[in-house]
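Worksheet for the structure shown next.
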Amino acid sequence: MKSARVIALIAGFGFLFLALAVQGIFPYVMKEAGPKTVTRTVRTEVGELTAIGSAARPYTALEAQGRAIYIREGCWYCHSMYLRPVAGEDRRWGPVAEFGEYTHDLPHLFGTRRIGPDLTRVGGKYGDDWHAAHYFDPRMVVPDSVMPRFTWLFTKDAASGKQVLNEEGKALVAFIQNIGMSRGKWRDSFPYQILATGASSIQTEVSLSHGKAVYLRRCVGCHGEKGDGKGSAVSLVLFRVAQPRDFTTGAFKFRTTPSGSVPLDSDLFRTISVGIRGSAMPPWFNLPEEDRRDVIQYIKTFSRDFEEFPPGPPIEIPRPPKPTPDLISRGKKVFEEMQCKECHGAEGRGDGPSSNTLKDDFGNRIPPANFTTGIFKSGPRPEDIFRTFMTGLNGTPMPSFKDAFTSPDDGWAITFYVLSLSADRGK
Ligand code: HEC
Ligand code: HEC
Ligand code: HEC
């Protein structure tokens, strides 16, 4: 009996010391070993994705302030920051954690409990607007969430009367959006977020009542009960990047169908699965396929266009060629000839002469995409860029250039030129 107690005592102190050593002492000792490199996915000068070894950069002052708020608010009680190479964690969240990612993280915030999801790869998963709505009241966007509200990170915007993030809230979001970013553009080759364009409609047994249930659980906070884009989140929190789509108009941006046409089911399936990067619209690749298919049929009931004007024939997207420096310089020329720079600017920064005057069909200001950010709403694959300027984005000033091209080669030249603008220049 006595020896059992001694063993338990030794084991107890042993594990306590081990925990202190691994989490408290080792990180400080190993910091001296200098920065470690991580696998970073970057765009090359010809717009392709490639992986390089690179060191994590230190936090900016704003991100460091956000990190302190993350610690102060106890986010780490519920969120871990460590992806293990087991149980398909890399399929749900992305690549497993690497040593060098934690170079500037002292104290470490690995965490042990996962009351909420791991946050190692959350940077860039959602837009700032989503985070704002989620921190103000998680249940507006995720109805069965147990995450607390953080209303003290907000202030009232005088002009709109809606809630906006205050200085602390902005710092927290800056920190969250930077988590995992030392891995670069890994998301652009994450299989679940780069769905290919299926040309045919998806045939499946449909349950509208199930689709409605999915909608009321996942989408209603933003898109509203009537599908008019006036959900509770939008009425309380100011969305800065884009307003949730009003489904009653039948205008959809991301399609393989001609300008003005409604999208195919497969177009909607792609958009819903991968999300709309940079905006509040989250990716839903974690939802069962059946949920995604049924919710599409439900969304279509909001507009009669789907019945009255069947979708036009989808464009054909040939296989992209292997990009070369010659293709890029040709792309630059075509970009200038086709007046893309009128809106997108000579260097693709979204600052062309007419950029300040553009409005969408609903009267909201809409800046032309800044290609140097590398954040593409329509998707990061060459096929996504190609599709976007071939079919245009309905409801926005972004026109269709389908008839302007005499050869698909010019299309690919422009595509890779656009992608090359977000090349990693080792800043
Ligand atoms: C009581 C536990 C708890 C606390 C404290 C908490 N969260 Fe959460 N969090 C959750 C749960 C549960 C979810 C999953 C449901 C949801 O998305 O709301 C979540 C989801 C998230 C997500 C979305 C992750 C993803 O991949 O979908 C982010 C980002 C997040 N939390 C950030 C924070 C931040 C920042 C704080 C501190 C200001 C915080 N959380 C505090 C429980 C918590
Ligand atoms: C947190 C807010 C939010 C939630 C929740 C949300 N959306 Fe969205 N959604 C948006 C925003 C914002 C846009 C417009 C983005 C843009 O145009 O840049 C959008 C756009 C869309 C579009 C238009 C795509 C196109 O081609 O124009 C579809 C379809 C869509 N959402 C479906 C859904 C479905 C289905 C759900 C639920 C499973 C959902 N959304 C949940 C914010 C949200
Ligand atoms: C009249 C102004 C205008 C012209 C001309 C124009 N665009 Fe656009 N473009 C826009 C606007 C506005 C958006 C943003 C739409 C949005 O955010 O929903 C956009 C978005 C895009 C996108 C999508 C980026 C993303 O986030 O996925 C691509 C790609 C694009 N434009 C390429 C081109 C190319 C290539 C040309 C020339 C052949 C061109 N645009 C000409 C206004 C224009």
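Quick note: the coordinates plus some simple rules give every number you see, no bench work behind them. Everything numeric here is computed off the predicted structure, so don't read it as measured data. No Cβ is skipped: glycine too gets one built from the backbone with ideal geometry, and neighbour counts run over all protein chains shown.
Highest GNM mean-square fluctuation among 14, 348, 74, for the chain modelled with Cα contacts below 10 Å: 14.
Volume per residue of the convex hull around the Cα atoms, evaluated for the chain, comes out as 173 Å³. Here the spin labels are modelled as points 7 Å beyond Cα on the Cα-Cβ line, and at residue 3 and residue 230 they lie 7.8 nm apart. Zone of residue 349 (label point 7 Å along Cα→Cβ, backbone N under 11 Å): which residues in the stretch 371-407? Only 372 pass the distance filter. So how tilted is helix 265-274 from the main axis of the chain? Cα-based, degrees 0 to 90, rounded to 10. Helix 265-274 and the main axis of the chain meet at about 30 degrees.
For residue 118, neighbours were defined as the other residues whose beta-carbon sits under 12 Å from its Cβ, and their charges (Lys and Arg +1, Asp and Glu -1) total +4.
Put a plus charge on the Cβ of each Lys and Arg, a minus charge on the Cβ of each Asp and Glu, and nothing anywhere else: the dipole of the stretch 136-234 about its Cα centre is then about 20 debye. In plain terms, the residue of 182, 259 with the fewest other Cβ atoms within 10 Å comes first and the most crowded comes last, giving 259, 182.
Per the Kirkwood formula on distinct C-alpha pairs, the Rh of the stretch 1-62 is how many angstrom? One decimal place: 16.0 Å for the Kirkwood radius. GNM remark for the chain: springs join alpha carbons under 10 Å apart, and the peak mean-square fluctuation among 154, 405, 254 falls on 405.
Gap in Å between the Cα centre of the stretch 216-244 and the Cα centre of the stretch 80-99? Value for the Cα centre distance between the two parts: 31 Å. For the stretch 193-308, just say rounded, prolate or oblate: build the C-alpha gyration tensor, square-root its eigenvalues into a ≥ b ≥ c, call rounded for a/c under 1.5, and beyond that prolate if a/b exceeds b/c, oblate if not. Rounded shape, in that the Cα axes give a/c under 1.5.
Across the stretch 14-184, the fraction of Cα-Cα pairs farther apart than 27 Å, rounded to a whole number, is 32%.
Rounded to two decimals, the Cα radius of gyration of the stretch 347-399 over 2.2 N^0.38 Å is 1.14.
Taking the fewest neighbouring Cβ atoms within 10 Å as the starting point, the ordered list for 135, 59 is 59, 135. Structural descriptor for the chain: relative contact order 17 percent, calculated from alpha carbon pairs under 8 angstrom and at least 6 residues apart. Here, the stretch 325-420 is characterised by an Rg to Rh ratio of 0.94, where Rg is the alpha-carbon radius of gyration and Rh the Kirkwood radius. Over the chain, DSSP H runs of length four or greater, each weighted -39,500 (n - 2.57), average out per residue to a 222 nm ellipticity of -10000 deg cm²/dmol. Rounded to the nearest 10 degrees, the angle from helix 167-178 to the longest Cα principal axis of the chain is 90 degrees. Straight-line cross-link partners of residue 332 among the lysines, defined as a Cα under 24 Å from its Cα and at least 8 positions apart when in the same chain: 185, 322, 341, 377, 402, 427. Using r as the Cβ-Cβ distance of residue 15 and residue 36, and R0 as 25 Å, what FRET efficiency do you calculate, to the nearest 0.05? Once rounded, the FRET efficiency stands at 0.40. Cross-link partners for residue 253 among the aspartates and glutamates, with Cα-Cα distance under 14 Å and sequence neighbours closer than 8 places in the same chain left out: 265, 267, 360, 361, 384.
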